[in-house]
1. Tell me which label goes with the value of P(r) over Cα pairs in 5 Å bins from 0, in percent computed from the coordinates here: (1) 3, 14, 24, 22, 20, 12, 5, 1; (2) 3, 12, 17, 16, 14, 13, 10, 7, 5, 3, 1, 0; (3) 3, 15, 29, 26, 17, 8, 2, 0.
2. Spin-label point model (7 Å from Cα, Cβ direction): what's the residue 70 to residue 10 distance in nm?
């Protein structure tokens with residue numbers, strides 16, 4: 001599970017992720033602050049990127065969860081989000 005936080009007036013964005021096992025028990029988690037991104041969506045995307053990068057070291061995890069509908073839309077329809085193409 002991943003999440004990013006962002007406000008237009010804050011200096012930093014926050015990111016977090018939690019790795020749950022098949023029984024729903026927390027196995028590992030991470031949190032960090034970084035210089036504020038361009039938008040809330042950018043923060044959510046950075047949280048996902050960081051979670052995926054982190055999981056490469058610990059697991060072959062293939063599933064990530066988020067409550068950000070726009071992030072899900074970017075993944076499902078990348079051609080519709082040209083500003084995130086890179």
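1. Only one listed value fits the structure, namely (1).
2. Rounded to a tenth, the inter-label distance reads 1.6 nm.
Taken together, the values in this text are just the output of simple stated rules run on the coordinates, not laboratory data. None of these values were measured; they are calculated from a predicted model. Glycine also receives a Cβ, built like all others from the backbone with ideal geometry; neighbour counts cover every protein chain displayed.
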